[in-house]
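These notes are about the structure you will find just below.
Readers should treat all values here as calculations from the given coordinates under stated rules, not as data from a laboratory. Owing to the predicted nature of the structure, the values given are computational and were not obtained by experimental measurement. For neighbour counting, all protein chains shown are included, and Cβ atoms are generated from backbone atoms with ideal geometry for every residue, glycine included.
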Amino acid sequence: MPKQKRCPYCRRLFLPDSRLKERQTTCGRQECRRQKKRQSNEEWRSCHSDYFRGMYPQQKEAYGTRAEYRKRYREEHPEYVQRNTACVKKYRSRRRERAAKPVSSTSCDLRLSIWNQTGNVSITHVSSTSRDIFVTVSRNEA
């Protein structure tokens, strides 16, 4: 029988996963795992305090912030700006067209699937919400 351990964060008893053996230190709850991760990150950063002091200042000096980099890129690549502008206009016009054309209840665009049944059906009522269209179908007996 596996030995129960106590979680150092929530102080609850738990049975460690047999695959992890002695390496599991927390109970596995999300809050406890977050605290364990935060603690291990702090420990790592205290041991490697100069890790983030390496290339970052040189890169920031060379490239600036993201906004500055994007601005400079657009200034240096006017063909990119033109291509992007055309794509955005085309995308927005398509969205406007779709929004302007609501699907009517008599439209041929409505798809109707009734499981595996075949036969004559007629639509007796159509109602819609902002997201869905509800159709009441009656089966015509021939």
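HN-Hα J couplings of region 44-56 from phi, Karplus 6.51/-1.76/1.60, θ = phi - 60°, integer Hz, Gly and Pro as x?
4, 5, 5, 6, 10, 5, 9, 4, 7, 8, x, 8, 4
Going by average Cβ neighbours within 10 Å, how do the peptides 75-82, 7-14 rank, with the highest at the top?
Descending packing order for the listed peptides: 7-14, 75-82.
With a cut-off of 8 Å between alpha carbons and a minimum separation of six or more residues, what is the relative contact order of region 5-51 in percent?
This gives 28 percent for region 5-51.
Kindly flag which residue pairs out of LYS37/LYS60; LYS3/LYS37; LYS36/LYS71 have an alpha-carbon separation exceeding 31 Å in this structure.
LYS36/LYS71
Length gain on complete extension for the stretch THR65 to ARG83, per 0.36 nm per residue less the alpha carbon to alpha carbon distance?
Extending this stretch completely gives an extra 4.1 nm.
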